[in-house]
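Let me begin by presenting the structure, written as structure tokens, before commenting on it.
The values are calculated or read from the model by the stated rules, or taken from the named source; none is laboratory data. Remember, it's a predicted structure, so these values are computed and weren't measured experimentally. Counting neighbours? That spans all protein chains shown, and the Cβs are built from the backbone with ideal geometry, glycine included.
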Amino acid sequence: MYRKPRKGGGSGILNLDSLMDILSCLVGVMLFMVIYTVLELGSTAFQVQMPVDREAPPGSRRLVVVCAGGTVRPLVTDGPLRQLFAGQLVSFAEVPTFVVSANDAPPTDRFFRYSVAYEDQVSAMGERSRTLQLLVDELPGVPGDSAHQLDPSTGYPALLSLLDPAETWIEFAVDGESLEIFRDARQRAVERGFTTGWRPLTGGFPLTYALSAAGSLGEGPDAALSKPQR
């Protein structure tokens, strides 16, 4: 007896079995690639070094190192400040006369010329004060030490060998042309145990440092130096 075949009631016109097979293969391949990548990364050693600025040692003196124009120039202010002020305290009334006389023959070192200036200030209560400033300008035609000139026996490396890392911390003032030599100079300081910091040098010369409030040097020139004002 002949039996007429019946159509499947649940089957549609579109069969998705092939598509599911393709998707399963793709997922399998991707999973294999992920596992392979993880295994390869696990067998490779990576070491990333990123200098981290530490806090300056308590009571330490700051040495500014100018990295500009692709060169390095230490800014050693102790001697010039002693020449300018000779240990004297400057009163409010004496500031203008002192600035004129100090700038008659401003001291210099290997790279910089040092002079002083002042600003008159008036508080909200009407009280007047004068703030002394140290101006540091470049000596014309005197470049700093380039990368191939950082010889251990001269210049910046020689200066590091004379300083105690427990008493001095180093702050680099860096312009956009000097990142490479800055890294080299900082690495040399870190290897000797110095605490370091840095700030962008964007204003050019002269550099301006506030020395005192109301014309007094307080405890002394080393303690009075503040952060560069740009």
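Tabulated results
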read-out: Enumeration of residues in region 176-196 that are among the acidic types (Asp, Glu), at pLDDT 90 or above and touching a strand residue (DSSP E or B) at 6+ places or on another chain (Cβ under 8 Å); value: none
read-out: Residue within region 219-228 that is modelled with pLDDT under 90 and under 14 Å from the mean Cα position of the chain (by Cα) present; value: yes
read-out: Near pairs, Cβ below 6 angstrom, 6+ apart or cross-chain, from region 120-144 (more than 21 Å from PRO206 (Cα to Cα) and basic (Lys, Arg)) to any residue that is at pLDDT below 85 and exposed (fewer than 15 other Cβ atoms within 10 Å of the Cβ); value: ARG128/VAL122
read-out: Sole residue being in a loop (DSSP other than H, G, I, E, B) and farther than 24 Å from ALA173 by Cβ, chosen from SER91, SER101; value: SER91
read-out: Tally of residues being β-branched (Val, Ile, Thr) and touching a helix residue (DSSP H, G or I) at 6+ places or on another chain (Cβ under 6 Å) across region 87-112; value: 1
read-out: Residue in region 133-150 that is nearest to VAL64 (Cα to Cα), counting only those that are at pLDDT 85 or above and assigned to a strand (DSSP E or B); value: VAL136
read-out: Residues (buried (at least 16 other Cβ atoms within 10 Å of the Cβ), within 24 Å of ALA189 (Cβ to Cβ) and of a type in the set (Ser, Thr, Tyr)) located in region 96-150; value: TYR114
read-out: Subset of region 199-208 [buried (at least 19 other Cβ atoms within 10 Å of the Cβ) and assigned to a strand (DSSP E or B)]; value: LEU207
read-out: Residue check, GLY70 at pLDDT below 85 and not charged (D, E, K, R); value: no
